[in-house]
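Below is one structure, written out as structure tokens; the observations come after it.
The values are calculated or read from the model by the stated rules, or taken from the named source; none is laboratory data. Remember, it's a predicted structure, so these values are computed and weren't measured experimentally. Every residue, glycine as well, gets a Cβ built from its backbone with ideal geometry; the counts of neighbours run over all protein chains shown. Heads up: the accessible areas ignore ligands, DNA and RNA and are worked out on the full protein's heavy atoms, side chains in. Shrake-Rupley method; radii C 1.70, N 1.55, O 1.52, S 1.80 Å.
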Amino acid sequence: MTVTQPDHPFLRTASALATDPCIHCGFCLPSCASYRVLGTEMDSPRGRIHMLKAIDRGELSLDATVAGHFDSCLGCLACVSACPSGVRYDELIAATRPRLNAPELRSPWQRSFRALLYQLLPYPARLRALLQPLRLYAGTPLQALARRSGLTRLLGPQLEAMERLLPPLQPEAFQDEAPVVVPARGRRRHRVGLVTGCVQRLFDPAVNRAATELLSANGIEVVIPPGQNCCGAMTHHQGELERTRALSQDLLDRFESVIGEGRPAGPEPLEAVLVAASGCGHTLKQLDTILAEEPDWAARGSAFAAQVADIQEFLHRVGLSPEFVAQLRPLRHNDGSPASADRPLRLAYHDACHMLHGQGLSQQPRQLLRQIPHVRIVEAVEAGVCCGSAGIYNLVQPEEAAELGRIKAADLSSSGADLAVSANIGCSLQIRQHMEATARPIPVAHPVELLMRSASGG
Ligand code: SF4
Ligand code: SF4
């Protein structure tokens, strides 16, 4: 079945919003990740805009083939930064995504696989139940053998992509033991909330631990509502609006339930709500629009969105405390020797798309990292191009994502850096996965981990 075109207000709205200023100059094409790996006009921003105009005029049907060209878009927003005409492709693709979820536009397997991801990934308790038996497999010689022997290929491309992302599972991934309030060390300067995320909490639990310690060490009290699920970012990127609203409302509820007279975090309001994963921060900053149509939630969504900040953005804004900066020591090279003026530690900062193009943050993280003694920031050649992670893109479009992952890992590795720095869990998992196959693999760390490592003696 084909979706008929002019009856779809979303398309007219999207066209009115975004397609009119497009002058078809093609400046956006070199920055486009899907065009980079697929090489066809229909898989570029210009091509997609052209298709939307044709759909809007009733000259093209939104059938499964056309929908596939929209599904190939990573939503990385690099084209928005590149466009000289101010085309808001971000709004265009956001308006288009919900229609791509029409059942007739995807195969039964694609629908089932997505449904599985939506039921699993946003809920740490469910994901933990699945991962518990996999502790005997992840990161062990058995996993290496299964991959080497090609056994994992029998799973099919999507499930194999899931297996490839599976990192060694740390014991703390299966616990949620953070107190609701982590006090500031020394004089309290600020009081913030922390979004703990879903996948990050399980696949890289050291990040939240480092984030909490870093804030506390800088005189910032941290409120961590327990039982948090996904903030809604994962489903938001897929145009699953109902699920997104439900997840974001659940998160708001959990924050509101700990703040107030007689509640665990007391009555004092939060100055900001911090996020240590760029994709989540980008979505949470849009809660005003995500919840705008919900009478009971619109004002709460707006108030929450106004408080959201990336942890690096916030720390750059308020500054690291002088006491903390005084503690910072040179980090160690991969061979164990400390960085020095003669041999600085070279860091390649990977700009997550939703940080760079979505939130306009690029210098703040670099300036924070430069406060670590004997660190030199080196720039990768293709710093603005997506790594292929893009929410669940690397699971639902595994071939294109793998190609982008290989390009990104090779780019970071050949920058000459000793270490890659990534502040988004999806990117970190994707880059680590593909880094192994480069000629010169380098570790990947979150900036908050590096700052805490430096403060703990390097
Ligand atoms: S750069 Fe902007 S104006 Fe040019 S083709 Fe791309 S979207 Fe259109
Ligand atoms: S969002 Fe990214 S992948 Fe999609 S059209 Fe723009 S540049 Fe290409």
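Of the strands (runs of 3 or more DSSP E) lying entirely inside segment 283-392, the ones with 3 or more residues being in contact with an Asp or Glu (Cβ under 8 Å, 6 or more places away or on another chain) and open to solvent by less than 40 Å² (accessible area, probe 1.4 Å) are found at 345-350. Taken as a whole, segment 420-429 holds no residue that is more than 20 Å from Cys353 (Cα to Cα) and at pLDDT 95 or above.
Applying the criterion of at least 3 residues that are under 18 Å from His357 (Cβ atoms) and more than 10 Å from ligand 1 (Cβ to nearest atom) to the helices (runs of 4 or more DSSP H) found wholly in segment 15-102 leaves 33-38, 89-100.
Pro122 fulfils the conditions (1) within 13 Å of ligand 2 (Cβ to nearest atom); (2) under 21 Å from Cys427 (Cβ atoms); (3) open to solvent by less than 10 Å² (accessible area, probe 1.4 Å) except for a single criterion, (1).
Taking first residues from segment 204-227 that are over 16 Å from Arg187 (Cβ atoms) and in the same structural domain as Leu251 (by TED's automatic domain parsing) and partners that are at pLDDT 95 or above and among the aromatic types (Phe, Trp, Tyr), the Cβ contacts under 7 Å between residues at least 6 apart in sequence or on separate chains come to Pro225/Phe255. All told, His69 meets the bar of being under 23 Å from the mean Cα position of the chain (by Cα), surrounded by fewer than 21 Cβ atoms within 10 Å (Cβ to Cβ) and without any contact (Cβ under 8 Å) to a residue 60 or more places away in the chain.
Could you look through segment 1-22, keep only residues that are at pLDDT 55 or above and within 16 Å of ligand 2 (Cβ to nearest atom), and pick out the one that is surrounded by the most Cβ atoms within 10 Å (Cβ to Cβ)? In this case the residue turns out to be Ala14. Scanning segment 234-250 for residues that are open to solvent by less than 10 Å² (accessible area, probe 1.4 Å) and among the small types (Gly, Ala, Ser) gives Gly239, Ser248.
Residues that are in contact with a strand residue (DSSP E or B) (Cβ under 6 Å, 6 or more places away or on another chain), over 26 Å from Pro108 (Cβ atoms) and open to solvent by 40 Å² or more (accessible area, probe 1.4 Å) number at least 3 in none of the helices (runs of 4 or more DSSP H) confined to segment 137-206.
In this structure, Ser456 does not satisfy being open to solvent by 20 Å² or more (accessible area, probe 1.4 Å) and within 22 Å of Ser81 (Cβ to Cβ). Could you tell me whether any residue of segment 92-108 is within 16 Å of ligand 2 (Cβ to nearest atom), open to solvent by less than 60 Å² (accessible area, probe 1.4 Å) and among the hydroxyl-bearing types (Ser, Thr, Tyr)? Yes: segment 92-108 contains one or more residues that are within 16 Å of ligand 2 (Cβ to nearest atom), open to solvent by less than 60 Å² (accessible area, probe 1.4 Å) and among the hydroxyl-bearing types (Ser, Thr, Tyr). Just one residue in the set Ile431, Ile442 is crowded, with 19+ Cβ neighbours inside 10 Å, outside the structural domain of Phe203 (by TED's automatic domain parsing), among the β-branched types (Val, Ile, Thr) and assigned to a loop (DSSP other than H, G, I, E, B); that residue is Ile442.
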